[in-house]
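The values are calculated or read from the model by the stated rules, or taken from the named source; none is laboratory data. This one's a predicted model, so the numbers in the text were calculated from it and none came from an experiment. A quick note on method: Cβ atoms are made from the backbone with ideal geometry, for glycine too, and the neighbour counts reach across all protein chains shown.
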Amino acid sequence: MSNPTNNFEFVSSAMLPTRFGQFTIHGFVEVDTQQEHVALSYGEWQSDDVVPIRVHSECLTGDALFSTRCDCGFQLEKALQNIVEQGKGVLLYLRQEGRGIGLLNKIKAYKLQDTGLDTVEANEHLGFDADLRDYSICKLMLDTLNVNQVSLMTNNPKKRKALEEMGINVVSRTPIDHGLTDDNLNYLRTKTEKLGHQFDMHLFKK
């Protein structure tokens, strides 16, 4: 695999058996920040194939600790299932916890949400923008994996726009409405109303 830029390095790949299937994990690092990211790939493709992908930002609480305050862990599992069912695909796992504010600040935001603020208001109360995530590394990761055209699994139109602005051909968007709980209903409603996420609105009719 090539190294597309001096500010970004491919580190190594290894087999990663999971309960969903046999993936390959690829490690990457941003040289300037030493921030580490990974991609999981499944199956094979040609450079002109449309490859299913999910761009997933790290959520320790949802992905690893099974929190139902958000839908992140549910979406992660669903994306991996979808990739295996389609026979090929890539999950980009970006280390930008809490929409970019970090784990400990996310816990502070949770505390504010416990007092009645929504997820956007909590981030802004802490002095952050509602969403600080940066998707610029995605192009470099996809180039390294020989992915040029994608079917993007997301409810967030900003992800599609970011990828397209980087020159990635987003052929289609597949919604990933998965993981509605009593604990995250208001969280998902806020993402829809304030952040423009495109959920099927019948999910909120309870």
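Within the range 147-166, the set of residues being surrounded by 16 or more Cβ atoms within 10 Å (Cβ to Cβ) and in a loop (DSSP other than H, G, I, E, B) comprises VAL147, ASN148, THR154, ASN155, ASN156. When the range 148-195 is filtered for residues that are touching a helix residue (DSSP H, G or I) at 6+ places or on another chain (Cβ under 6 Å) and of a type in the set (S, T, N, Q), only THR190 remains. Figure legend. Inter-residue proximity from the range 145-158: first residues closer than 20 Å to THR24 by Cβ, second residues part of a loop (DSSP other than H, G, I, E, B) and small (Gly, Ala, Ser), beta-carbon distance below 6 Å, spacing 6+ or different chains. Indicated pairs: ASN146/SER47; ASN148/SER47.
Only one entry of ARG173, ARG133 meets the criterion of being over 23 Å from SER67 (Cβ atoms) and either at pLDDT 90 or above or surrounded by 17 or more Cβ atoms within 10 Å (Cβ to Cβ) (or both), and that entry is ARG173. Taken over the range 35-88, the criterion of being farther than 14 Å from THR24 by Cβ and of a type in the set (Ser, Thr, Tyr) is satisfied by SER47, SER57, THR61, SER67, THR68. Cβ separations smaller than 9 Å between residues 6+ apart or across chains give the following pairs from the range 171-185 residues that are more than 12 Å from GLN75 (Cα to Cα) and free of Cβ contacts under 8 Å to residues at least 40 places away in the same chain to residues that are among the aliphatic types (A, V, I, L, M) and outside any strand (DSSP E or B): LEU185/LEU203. Selection within the range 146-167: residues that are of a type in the set (A, V, I, L, M, F, W, C) and out of contact with any strand residue (DSSP E or B) (no Cβ under 6 Å at 6 or more places or on another chain). The member of this set that is nearest to GLU58 (Cα to Cα) is ALA162. Would you check if there is a residue in the range 61-80 being free of Cβ contacts under 8 Å to residues at least 12 places away in the same chain and at positive phi? Scanning the range 61-80 turns up at least one residue that is free of Cβ contacts under 8 Å to residues at least 12 places away in the same chain and at positive phi. Looking across GLY73, GLY89, GLY98, one residue alone is closer than 30 Å to GLN149 by Cα, buried (at least 18 other Cβ atoms within 10 Å of the Cβ), at pLDDT 95 or above and not hydrophobic (A, V, I, L, M, F, W, C). It is GLY89. Which ones in the range 85-128 are within 28 Å of THR174 (Cβ to Cβ), of a type in the set (A, V, I, L, M) and in a helix (DSSP H, G or I)? VAL120 - this is the single residue of the range 85-128 that is within 28 Å of THR174 (Cβ to Cβ), of a type in the set (A, V, I, L, M) and in a helix (DSSP H, G or I).
Give the residue, chosen from GLY167, GLY196, that is modelled with pLDDT under 75 and over 14 Å from the mean Cα position of the chain (by Cα). Residue meeting the stated conditions: GLY196. Please work out which residue is farthest from the chain's Cα centre (by Cα), limiting yourself to the range 30-59 and to residues that are surrounded by fewer than 16 Cβ atoms within 10 Å (Cβ to Cβ) and more than 18 Å from LEU163 (Cα to Cα). The extreme case among them is GLN46. Across the range 6-23, the qualifying residues are those that are over 13 Å from LEU80 (Cβ atoms) and of a type outside the set (Gly, Ala, Ser), and the one among them that is modelled with the highest pLDDT is MET15. Any idea which residue in the range 5-57 is farthest from GLY73 (Cα to Cα), counting only those that are polar (S, T, N, Q), assigned to a strand (DSSP E or B) and in contact (Cβ under 8 Å) with a residue 40 or more places away in the chain? So, considering only residues that are polar (S, T, N, Q), assigned to a strand (DSSP E or B) and in contact (Cβ under 8 Å) with a residue 40 or more places away in the chain, the one farthest from GLY73 (Cα to Cα) is THR5.
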